[in-house]
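S.K.: Pasting a structure below so you can have a look.
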Amino acid sequence: QVQLVESGGGLVQPGGSLRLSCAASGFTFSSYDMNWYRQAPGKERELVAAIASFGGSTTVADSVKGRFTISRDNAKNRVYLQMNSLKPEDTAVYYCKADRSIYGLGSASGSWGQGTQVTVSS
């Protein structure tokens, strides 16, 4: 079955860095656009970054532009979120999500991982 497992979260000081990883299984990972979302306490879940199926194009939210980078390794079935210059307002649970496939909506489309907590605090 479709599985997305995030890792790499933790406690980091302001200005620090973390690299999140999302391991995918149960579907043809390389065919899917992948997203990173986050949800802070009391706030709605928001899209942080997205990457096309074969890594050709990426987008990041304005709030993290210049600090976060999304990438993927289709050979390893993983998508990453490199987070630099972290701020307290980046504190949230971070989720990866499988989006559309190259064929449109696929069996994995809309699947979420369980999330990984990122806390930015001194």
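The values are calculated or read from the model by the stated rules, or taken from the named source; none is laboratory data. Predicted model only: the values in this text are computed from it and were never measured. Backbone-built Cβ (ideal geometry, glycine too); neighbour counts: all protein chains shown. Note: areas computed on protein heavy atoms with side chains; ligands, DNA, RNA excluded. Shrake-Rupley method; radii C 1.70, N 1.55, O 1.52, S 1.80 Å.
S.K.: So if I average 1/r over every pair of distinct C-alpha atoms in the chain and take the inverse, what Kirkwood radius in Å does that give?
M.R.: When all Cα pairs of the chain are included, the Kirkwood radius is 14.2 Å.
S.K.: Let me ask something additional. Compare the Cα positions of L18, A92, A75 along the charge dipole of the chain (+1 at Cβ of Lys, Arg; -1 at Cβ of Asp, Glu; about the Cα centre) and return the one farthest towards the positive end.
M.R.: Toward the positive end, the furthest listed residue is A75.
S.K.: Quick one: compute the contact order of the chain, relative version, from alpha carbon pairs under 8 angstrom and 6+ residues apart, as a percent.
M.R.: 35 percent
S.K.: Quantify, in whole percent, the carbon and sulfur part of the accessible surface of the chain (1.4 Å probe; protein heavy atoms only).
M.R.: Details: 2870 of 6170 Å².
In the chain, the share of accessible area belonging to carbon and sulfur is 47 percent.
S.K.: Let me ask something else about it. What is the Cα radius of gyration of the range 1-72 over 2.2 N^0.38 Å, N being its residue count?
M.R.: Expressed relative to 2.2 N^0.38 Å, the Cα Rg reads 1.19.
S.K.: Leaving out ligands and nucleic acids, and using a 1.4 Å probe, what accessible area per residue does the range 1-98 come to in Å²?
M.R.: Details: 4760 Å² over 98 residues.
On a per-residue basis, 49 Å².
S.K.: Then there is this: What does the charge dipole of the range 6-122 about its Cα centre add up to, to the nearest 20 debye, if the Cβ of each Lys and Arg holds +1 and the Cβ of each Asp and Glu holds -1?
M.R.: So the dipole magnitude of the range 6-122 works out to roughly 140 debye.
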